Amino acid sequence: MSEVIRKSIDILNKIKPSEEKVEWSVTEISRELNIPIQTVHRILSCLSEYGFVYRDNKNKRYKLGLSLMELGLSIRDNLSVRNTALPIMEQLSSDTKESVYLTVQEGSDGIFIDCIDSPHLLKIVEPIGMRRPLCVAASKKVILAFLKPVSRSLIIDELITKGYVTNEQELREQIRIIKEQGFAISYGETTEGTVSIAAPIFSWEDDVIGSISVAGPEGRFVGTRLNEIIKLTTKSACEISEELGWFARV
């Protein structure tokens, strides 16, 4: 299997568009890479099925497919949101004196991709790269809530199938409330005795692409301070979104 993967990567690299050449025939790829024609044809057929290469039915030649562009754009978006969010996260942590997290979606999960730690000795420390289902904790639920309806329903179905959701009606009611108020708040869903407040981050296309959240011990998230943290978190999420080209739809 590793040999097939290696040859597939070699083929994808070979047919990258250049000024001299955009499309390749099976024979040309076979000759350039010294791979049997039958093997090249089989690999290209598989890559074509998943959109990684495109076959022109008129001239029978191949070029890179749009699926690779979509993958590249998703990586670019994650890097873009991280670079944009970092100074705003630092300011939010300075203002709240709590840990601030940046979360992005991957399938039916949310993943922490960056964090600014609280200066307090007693603080929340969750590892970058930690993955949790989108139905668990504020930073993930707020992403789920603001997904487009079709995407959200598909993900909820997947979470139910995986056994992460046992009460669909309760989850949908939580989503309704989150959308209505514009932020999510959770108590002890990842770590006991903690609170997390999260707000959605949007792309210029008005798609939710992540969330920013503030987390800390429950005792520090009460009364007027809780309200102030909510206000600062939602303001920070708007600032990041606007930096990415988003503007609020009427």
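The values are calculated or read from the model by the stated rules, or taken from the named source; none is laboratory data. What you see is a predicted model; the values in this text were computed from it and never measured. Cβ coordinates were reconstructed from backbone atoms using ideal geometry, including for glycine residues, and neighbour counts include every protein chain displayed. To get the accessible areas, we keep the full protein, side chains included, count just its heavy atoms, and leave off ligands, DNA and RNA. Shrake-Rupley method; radii C 1.70, N 1.55, O 1.52, S 1.80 Å.
Structure summary
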| read-out | value |
| --- | --- |
| Residue check, Thr224 surrounded by fewer than 12 Cβ atoms within 10 Å (Cβ to Cβ) and either more than 20 Å from the chain's Cα centre (by Cα) or not charged (D, E, K, R) (or both) | yes |
| Residues of the stretch 51-65 that turn out to be in contact with a helix residue (DSSP H, G or I) (Cβ under 8 Å, 6 or more places away or on another chain), open to solvent by 50 Å² or more (accessible area, probe 1.4 Å) and either of a type in the set (Val, Ile, Thr) or within 17 Å of Asn13 (Cβ to Cβ) (or both), as a count | 3 |
| Within the stretch 26-35, tally of residues that are farther than 17 Å from Ile5 by Cβ and either open to solvent by 50 Å² or more (accessible area, probe 1.4 Å) or touching a Lys or Arg at 6+ places or on another chain (Cβ under 7 Å) (or both) | 4 |
| Lone unmet requirement of (1) farther than 19 Å from Trp246 by Cβ; (2) without any contact (Cβ under 8 Å) to a residue 12 or more places away in the chain for Pro119 | (2) |
| Tally of residues being open to solvent by less than 70 Å² (accessible area, probe 1.4 Å) and not small (Gly, Ala, Ser) across the stretch 1-25 | 9 |
| Residue in the stretch 165-182 that is part of a loop (DSSP other than H, G, I, E, B), under 22 Å from Phe112 (Cα atoms) and open to solvent by 30 Å² or more (accessible area, probe 1.4 Å) present | no |
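Conditions tested, residue by residue: (1) touching a Lys or Arg at 6+ places or on another chain (Cβ under 6 Å); (2) closer than 19 Å to Arg82 by Cα; (3) modelled with pLDDT under 95.
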| residue | (1), (2), (3) |
| --- | --- |
| Gly110 | yes, yes, yes |
| Ile116 | no, yes, yes |
| Pro127 | no, yes, yes |
| Arg176 | no, no, no |
| Lys179 | no, no, no |
| Gly182 | no, no, no |
| Thr191 | no, no, yes |
| Ser196 | no, no, no |
